[in-house]
Amino acid sequence: MPMETITMDLLLQKQAENFSDRQFLFFQATGEVFTYQEFNDMSINVANLLLEMGVTKGDKVGVLLPNSIEFLAAYFGAIRAGAVVVPLNPSLKDLEIINILLHSNAKVLISNLPVLNGIRRMDQSSSELKHLLRADQLRDGIKRNHTMSTKAPEIMPEDPALILYTSGTTGDPKGVVLTHWNLISNATDIATALNLGSDRIMCILPLHHTNGQIINVLSPLISGGSVVLCDAYNALSLPTFWESIEKYEVNVIDMVPTVLTMLLRLRSKRKTSLDSLKYIICGAAPLTLELQKQFEERFNCLVIQEYGLTEGTCVSTINSLSNNKRGSIGLPLKSNRIKIANDQGVEVNVGEIGEILIRGDNVMKGYFKRPDLTNQIIINGWLHTGDLGKTDQDGYVYILGRKKDIIIKGGENIYPIDLENVIGGHPSVSECVVVGIPDEIYGENVKAYIVLKEGQVNVTPKNILSFCKGKLPLFWCPAIIEIVKFIPRTASGKVIKRALNP
Amino acid sequence: MVISRSESIKMQLREQLSDKELDDTVDLFESQMLDSLSLIELVTFLEEKFAIEVFIEDITKENFRSLNTIADYVNTKLEENISSI
């Protein structure tokens with residue numbers, strides 16, 4: 001079967017036939033192990049359950065779960081049923097979750113009980129949500145052997161499989177629509193570039209994030225490898241990190257620069273065997289040469305840098321074991337073309353700085369219900385990343401900064417507008433501007449400048465922070481809040497962020 | 001007023017965790033006060049503030065569950081430091 005005609009349901013079926021009894025999934029928290037066949041059966045069970053509930057092709061299924069067997073069962077099961085999965089970040093607050101459920105027209109939400117109780121309070125009149133499915137309801141049938149229901153629709157490679165919300169959770173949701181072929185093509189290219197084969201990858205990143213789904217699960221599924229799934233929200237996951245590598249004989253780990261920094265800070269009384277570990281993939285935020293060098297020297301382990309964005313499914317450029325040019329984000333993937341362009345979209349010369357543009361099978365279908373935004377970012381087939389970069393004579397790409405307004409804290413994208421909307425809602429705040437500031441651990445952190453309303457002299461940064469903590473994920477809350485007399489603006493009213501003193 | 005070393009440690013921990021009202025016995029994991037990154041930040045804080053060495057093997061639920069258990073742990077480490085002089 002030509003790869004271009006394959007869909008996620010066929011892929012799961014084909015890999016179950018190819019690798020049947022080979023172990024595919026290890027869940028660290030419970031010690032459970034699933035073979036390729038069992039993983040395929042699990043997805044069929046959940047797909048059948050959803051089809052019986054009346055889910056039809058194109059329906060949106062929200063998945064609000066931490067890293068777990070249930071997350072993957074829900075994810076692959078819903079996709080097999082022809083539905084479009086909407087993964088949600090478990091650290092979001094109820095209001096943000098509701099915003100995404102409403103915007104995505106989610107018909108089903110799969111989650112755990114405490115969250116569902118909050119969702120039940122949402123306004124039903126504007127919601128299409130018909131079914132709330134508890135994670136343990138998936139558990140009931142996970143290991144039963146089933147054949148696919150006759151109700152299963154025919155799925156095409158260009159059909160949407162996922163909507164990943166990247167920003168705008170507070171007011172202007174931005175959902176990236178990715179097709180079956182986007183996912184398969186990108187995961188295949190990553191596996192090929194890394195020569196992944198039967199390697200075992202340890203997933204320490206959250207599964208609601210594209211890196212968790214594509215690099216950590218789909219690429220090894222395609223290559224015949226296996227996954228050790230860790231609970232990304234378990235506070236003790238880092239201290240047990242090296243022990244898990246030894247226990248599961250892990251070959252590859254995908255992480256963000258912040259985790260490298262954290263691991264460098266930890267010391268151990270005993271020497272752990274890292275013989276199985278071939279390399280570490282690092283992405284989602286800029287990796288400094290110094291951090292890469294320090295990590296490689298201390299742990300005698302290669303760090304390979306990749307680059308990508310959700311609008312390009314996951315990865316667009318990557319280094320490899322044989323061609324690892326430190327400081328660069330690597331070469332374009334097989335199905336990708338990269339162009340460094342000036343403001344007019346014209347390609348600049350080698351070594352010159354311009355915006356990184358991407359073209360290829362991994363470029364998203366568009367933003368859900370937002371053709372206006374899609375047309376701003378995909379122009380003549382080229383995805384405008386908003387990142388500044390250059391290439392060298394060998395075609396390696398280097399990232400040098402950002403054009404767009406975004407803060408990358410520990411690999412997580414934080415959009416200032418989301419925070420400004422929330423902080424601006426404080427009854428004492430007249431104006432608010434949020435910027436990124438350099439941070440030794442997280443790469444970047446959040447700083448908010450606030451102008452108070454007249455007469456609000458008793459309001460302190462701590463009051464504002466408490467307000468933020470009640471309405472935003474803790475990780476997004478500003479590290480510093482400064483109360484200022486005015487926000488510098490241009491004549492047209494645009495904030496002059498460089499005039500703010502970080 | 002003289003406060004004990006344990007009380008002093010707990011006061012500094014409250015400051016670090018940005019919650020001056022935090023109860024001594026609240027489970028920091030269950031209440032999601034600590035995630036994987038903030039736990040390491042806390043470890044770094046303890047090492048710098050109290051001049052102790054915290055090893056991976058010591059970063060357990062038992063030692064880091066609450067302000068009380070962390071204070072006990074820091075006290076033990078400080079006693080070890082004194083006895084090794």
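Please treat every number below as a calculation from the coordinates, not as lab data. It should be emphasised that the depicted structure is a prediction, and the values quoted were computed from it without experimental measurement. Here the Cβ is made from the backbone with ideal geometry for all residues, glycine too, and neighbour counts use every protein chain on show.
Here the simple spin-label model places points 7 Å from the Cα toward Cβ, and for residue A:32 and residue B:19 these points are separated by 3.0 nm. When B:66, A:149 are sorted by how many other C-beta atoms sit within 10 angstrom of their C-beta, beginning with the fewest, the order is A:149, B:66. If you take each beta carbon of peptide A:231-240 and count the beta carbons of other chains within 10 angstrom, what is the mean? Across the residues of A:231-240, the mean count of other-chain Cβ atoms within 10 Å is 6.
The simple spin-label model puts a point 7 Å past each Cα toward its Cβ; for residue A:463 and residue A:265 those points are separated by 3.2 nm. Legend: mean number of C-beta atoms from other chains within 10 angstrom of residue C-beta atoms, peptide B:30-38, equals 5.
Which links in A:403/A:469; A:174/A:453; A:339/A:365 stretch past 23 Å when you go from one Cα to the other? Mind showing how you got there, number by number?
On the way: A:403/A:469 29 Å; A:174/A:453 31 Å; A:339/A:365 20 Å.
The answer is A:403/A:469; A:174/A:453.
Around the Cα centre of the protein assembly as shown, unit charges on the Cβ atoms of Lys, Arg, Asp and Glu (plus for the first two, minus for the last two) sum to a dipole of about 940 debye. From least to most packed, judged by other beta carbons within 10 angstrom and beginning with the fewest, A:301, A:468 follow the order A:301, A:468. Rounded to the nearest 0.05, the FRET efficiency derived from the C-beta distance between residue A:375 and residue A:326 at R0 = 45 Å is 0.75. With both labels modelled 7 Å from their Cα along Cα-to-Cβ, the residue A:441 to residue A:337 distance reads 4.5 nm. Only the Cβ atoms of Lys and Arg (+1) and of Asp and Glu (-1) were treated as charged; on that basis the dipole of the stretch A:407-499 about its Cα centre amounts to roughly 240 debye. Counting only residues at least eight positions apart within a chain, or on another chain, the aspartates and glutamates with an alpha carbon under 13 Å from that of residue A:369 are A:172. Going by neighbour counts of Cβ atoms within 10 Å, the residues B:19, A:41 line up, fewest first, as B:19, A:41. Indicate, rounded to the nearest 5 percent, the antiparallel portion of the DSSP beta bridges found entirely in the stretch A:186-320. If we restrict to bridges inside the stretch A:186-320, about 10 percent are antiparallel.
Each Cα pair under 8 Å and six or more residues apart adds its sequence gap; the mean of these over the residue count of the stretch A:411-494 is a relative contact order of 30 percent.
What is chain A's relative contact order, in percent, from Cα pairs under 8 angstrom and six or more apart in sequence?
On the way: 1055 pairs, mean separation 56.1, N = 502.
Over chain A, the number comes to 11 percent.
Sort A:58-71, A:403-416 by packing, meaning the average of other beta carbons within 10 Å per residue, with the highest value first.
Details: A:58-71: 22.9, A:403-416: 18.8.
For the peptides A:58-71, A:403-416, the packing ranking is A:58-71, A:403-416.
Label point of residue A:413 set 7 angstrom out along Cα-Cβ; within the stretch A:175-199, amide nitrogens under 11 Å from it belong to A:175-177. Averaged over the residues of peptide B:40-49, the number of Cβ atoms from other protein chains lying within 10 Å of each residue's Cβ is 3.
The length gained by stretching the chain between residue A:17 and residue A:388 to full extension, at 0.36 nm per residue less their Cα-Cα distance, is 129.2 nm.
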